[in-house]
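The values are calculated or read from the model by the stated rules, or taken from the named source; none is laboratory data. Here the structure is a predicted model, which is why all the values come from computation and not from measurement. Positions of Cβ are generated from backbone atoms using ideal geometry, with glycine treated the same way; all protein chains shown enter the neighbour counts.
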There are 2 protein chains.
Amino acid sequence: MNIEAFFKITYGLYIVTSKNENLLNGHISNTVFQVTAEPPQFAVCSNKDNLTTDFIFQSGVFAVSIIEQDVDLQYIGHYGFKTGKDFNKFQNVNYKIGKTGAPIVLDKTTAYFECEVVQKFDVGSHIIFIGKVIDSEIIDESKIPLTYNHYRNVIKGVSPKNSPTYFDKLKLEKMKPAGKTGKLYKCNVCGYVYEPEVGDVEQHIKPGTAFEDLPDNWVCPVCGANKDMFEELA
Amino acid sequence: MNIEAFFKITYGLYIVTSKNENLLNGHISNTVFQVTAEPPQFAVCSNKDNLTTDFIFQSGVFAVSIIEQDVDLQYIGHYGFKTGKDFNKFQNVNYKIGKTGAPIVLDKTTAYFECEVVQKFDVGSHIIFIGKVIDSEIIDESKIPLTYNHYRNVIKGVSPKNSPTYFDKLKLEKMKPAGKTGKLYKCNVCGYVYEPEVGDVEQHIKPGTAFEDLPDNWVCPVCGANKDMFEELA
């Protein structure tokens, strides 16, 4: 078996949101797909440990905001690498409440739809929710939808631990030989891997900078963890 | 509700195959996605009327061949717009039999995986099969996976009638005003829509050619139907 084959599957990236009474939450997902045309029904696949999964169970509704291509790791990290158990992800975010009561993210999104859950399937670590579409709208027609391929290869993002495709990047990075600019370092908080050949354009770190040569105030570009939360990949 | 929002969902395009004793079959699918990482499990969503769906029920196995970007409408049409009830889709096709016994298409594909069905969910017109991955391999690392977006916008393909996303293009084309080069014509066999502004590069028809001006021996580029099987879109 060669798990590289799995990375040839094409996905988009979405913020799947829900509510629980007055609380709102959402997480990043790449597994959103239409399952029937008549009636229009979509499926989302969510980890049982995620707070949003719990909210979807409680409220029976979810919304999907379709992320546009022009985003950075911080944007994804806000929804994807932090848990809503610790803070309100919708504070200081431009959103609206949809017809179902679930929040719809309006920053850096191209379209959205909202669903009422009609079926739930247990597939092990994850639940597949089948939702009947209640409403759908374009937010900005000019924006290009972000693909998972673009996120991984251009933005250099990784899968959060609870994603169905989590094991990909980390396992692969471990198998890579160290380049001449030094070894790879992994963030123990979120799983982000610092690659010396890539650097970190957001924090003005040039490609070719070894991890040891990063400034002391450099932080994980995904979750904001300090340098000492990083571990060398063997 | 604006169904344009649905087209912002990103998919790839795949040939989902199975067997039934000595018979082989396969169809085009855009709904293939990983649902868990441990163990690696994938889901495929198939119309109940498709022969391949029947074969998956019978054999409990399926394979997914991941189509590369450099294909034409005839390639997709062979698997996507004709039924295996009438002919053997694997005659004159370069394929191999995988570990599960399902056929794997080797022409114009970049990778594949094979699954044993562990769960089946009825979602109305379609069935979601959950398969545990038995094997996966790269066929050609250099090939770019075809996306549904590329298929629709560059190759100018449409969804087959049994696809979860079928209703998209036809409904939209009907809503479009006729251009100055003439009206749109729909193939009554497969649903392909001839667009005068686009022409048909495969059959050397220049953009700007009205349907009425197509040569008598022109055929539907997807399913091969004659010109008289086309109907003007009102």
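Residue count for the range A:1-15 satisfying the condition of being within 7 Å of another protein chain (Cβ to nearest Cβ) and either surrounded by fewer than 24 Cβ atoms within 10 Å (Cβ to Cβ) or outside any strand (DSSP E or B) (or both): 9. Candidates B:99, B:143: the one that is assigned to a loop (DSSP other than H, G, I, E, B), basic (Lys, Arg) and either more than 30 Å from residue B:200 (Cα to Cα) or more than 9 Å from every other protein chain (Cβ to nearest Cβ) (or both) is B:99.
Every listed requirement among (1) of a type in the set (S, T, N, Q); (2) touching a strand residue (DSSP E or B) at 6+ places or on another chain (Cβ under 8 Å); (3) over 17 Å from residue A:44 (Cα atoms) is met by residue A:119 save one, (3). Do the conditions hold for residue B:95, that is, is it closer than 19 Å to residue B:19 by Cα, surrounded by fewer than 24 Cβ atoms within 10 Å (Cβ to Cβ) and of a type outside the set (Gly, Ala, Ser)? In short, yes. Could you list, in sequence order, all residues of the range B:146-163 that are within 9 Å of chain A (Cβ to nearest Cβ), polar (S, T, N, Q) and not in a strand (DSSP E or B)? Within the range B:146-163, B:149, B:159, B:163 meet the criteria. Which pairs do you get when a residue that is within 7 Å of chain B (Cβ to nearest Cβ), found in the range A:16-40, comes within reach of a residue that is among the polar types (S, T, N, Q), reach meaning Cβ atoms under 6 angstrom, with the pair 6+ apart or on two chains? Matching pairs, first to second residue: A:33/B:31; A:34/B:165; A:35/A:41; A:36/B:125. Pairs linking a residue in the range A:107-127 that is more than 9 Å from chain B (Cβ to nearest Cβ) to a residue that is surrounded by fewer than 19 Cβ atoms within 10 Å (Cβ to Cβ) and part of a strand (DSSP E or B), with Cβ atoms under 8 Å and 6 or more positions apart or on different chains, are A:114/A:134; A:114/A:135; A:115/A:132; A:115/A:134; A:116/A:132; A:116/A:134; A:127/A:120.
If we scan the range A:115-136, do we find a residue that is farther than 24 Å from residue A:10 by Cα, in contact with a helix residue (DSSP H, G or I) (Cβ under 9 Å, 6 or more places away or on another chain) and surrounded by 23 or more Cβ atoms within 10 Å (Cβ to Cβ)? So far as the range A:115-136 goes, no, none of its residues is farther than 24 Å from residue A:10 by Cα, in contact with a helix residue (DSSP H, G or I) (Cβ under 9 Å, 6 or more places away or on another chain) and surrounded by 23 or more Cβ atoms within 10 Å (Cβ to Cβ).
Look through B:56, B:104, B:66 and report the one residue that is touching a strand residue (DSSP E or B) at 6+ places or on another chain (Cβ under 8 Å), away from chain A (no Cβ under 13 Å) and in contact (Cβ under 8 Å) with a residue 60 or more places away in the chain.
Numbers: B:104 fails: away from chain A (no Cβ under 13 Å); B:66 fails: away from chain A (no Cβ under 13 Å).
So the residue among B:56, B:104, B:66 that is touching a strand residue (DSSP E or B) at 6+ places or on another chain (Cβ under 8 Å), away from chain A (no Cβ under 13 Å) and in contact (Cβ under 8 Å) with a residue 60 or more places away in the chain is B:56.
Contact map, the range A:214-234: residues that are touching a residue at least 12 places away in the same chain (Cβ under 8 Å) and of a type in the set (D, E, K, R) paired with residues that are assigned to a loop (DSSP other than H, G, I, E, B) and surrounded by fewer than 17 Cβ atoms within 10 Å (Cβ to Cβ), Cβ distance under 8 Å, separation 6+ or inter-chain. Pairs shown: A:227/A:216; A:231/A:188. Between A:90, A:62, the distinction of being assigned to a loop (DSSP other than H, G, I, E, B) and among the hydrophobic types (A, V, I, L, M, F, W, C) belongs to A:90 only. For the structure I just gave you, tell me whether residue A:123 is of a type in the set (Val, Ile, Thr) and under 20 Å from residue B:33 (Cα atoms). Judged against the criteria, residue A:123 is a match. For the range A:22-35, indicate whether the set of residues that are closer than 30 Å to residue B:66 by Cα and either touching a His at 6+ places or on another chain (Cβ under 6 Å) or at pLDDT below 90 (or both) is non-empty. Taking every residue of the range A:22-35 in turn, at least one turns out to be closer than 30 Å to residue B:66 by Cα and either touching a His at 6+ places or on another chain (Cβ under 6 Å) or at pLDDT below 90 (or both).
If you go through the range A:102-127 and keep only what is in a loop (DSSP other than H, G, I, E, B) and of a type outside the set (D, E, K, R), you end up with A:102, A:106, A:123, A:124, A:125. Cβ-Cβ distances below 7 Å connect the following pairs, each with a first residue in the range B:181-206 that is under 20 Å from residue B:70 (Cα atoms), a second residue that is polar (S, T, N, Q) and modelled with pLDDT of 85 or more, and a separation of six or more residues or different chains: B:199/B:209.
Working only within the range B:178-234, note down all residues that are among the polar types (S, T, N, Q), at pLDDT below 85 and either out of contact with any Gly (no Cβ under 6 Å at 6 or more places or on another chain) or closer than 13 Å to residue B:73 by Cβ (or both).
Answer for the range B:178-234, where residues must be among the polar types (S, T, N, Q), at pLDDT below 85 and either out of contact with any Gly (no Cβ under 6 Å at 6 or more places or on another chain) or closer than 13 Å to residue B:73 by Cβ (or both): B:188, B:203.
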